[in-house]
Amino acid sequence: MRKTGFALFFGLLVLSIAAGGWAAEPAGKSPAKAEPPAWKTSSLAEETATVEAIDQTTRMVTLKGPKGNSVTFKAGEEVRNLAQVKVGDEVKFAYYESVAVRVLKAGEAFPAAGESSAMSRAKPGDKPAGVVAKEVTVGATITAIDKKAKTATLKGENGKSVTVTPLRPEKLDEVKVGDRLVITYTEAVAVKVEPAAKKK
């Protein structure tokens, strides 16, 4: 996907889930009325699957989940050291996601919107492992608040608008139309393959 198109799509996605950031308590304690509101929410999910089948020639791998469900996929060339993977090996996944929302101070400029990513892979010869992380920052302005419907409409710097429903609608009492928000969305996925447990 072209970077510009991806940034636009991801920016709208971040705006649409920004309400999740209104579900958490303010990040840090500040003196009353000294700092604009700020919220952050995060989650971590972990799962383990077992290698049920693997074809080193075609790079097709079948994983079996803890509930017995199986999925087959082709491991791309970016998956280093596939030859080290054997049937019975465990594949551990961890997914982290966070959304931080901050109301800008009066006169404070929007920080530069941007997207950054990082990737780490296993060393040659080791069992496959890796981490992929992405962080996207966008700016938005509250253009409407409907407390009866418990929604807020946000307009991004790209001119696109989206209406969100905070998980805690009472947070709408802490913001007003015209407030400018900085929204930072972070996600990271970690994958690690471990040898099959030895049978006693």
- Least to most buried among TYR95, TYR185 (fewest other Cβ within 10 Å first): TYR95, TYR185
- Query: How high is the relative contact order of segment 79-200, in percent, counting Cα pairs under 8 Å that sit 6 or more residues apart?
  - Reply: 39 percent
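Values in this text are rule-based calculations from the coordinates and carry no lab data. All values reported here derive from a predicted model rather than from experimental measurement. Methodologically, a virtual Cβ is constructed for each residue, glycine included, from the backbone with ideal geometry; neighbour enumeration extends over all protein chains shown.
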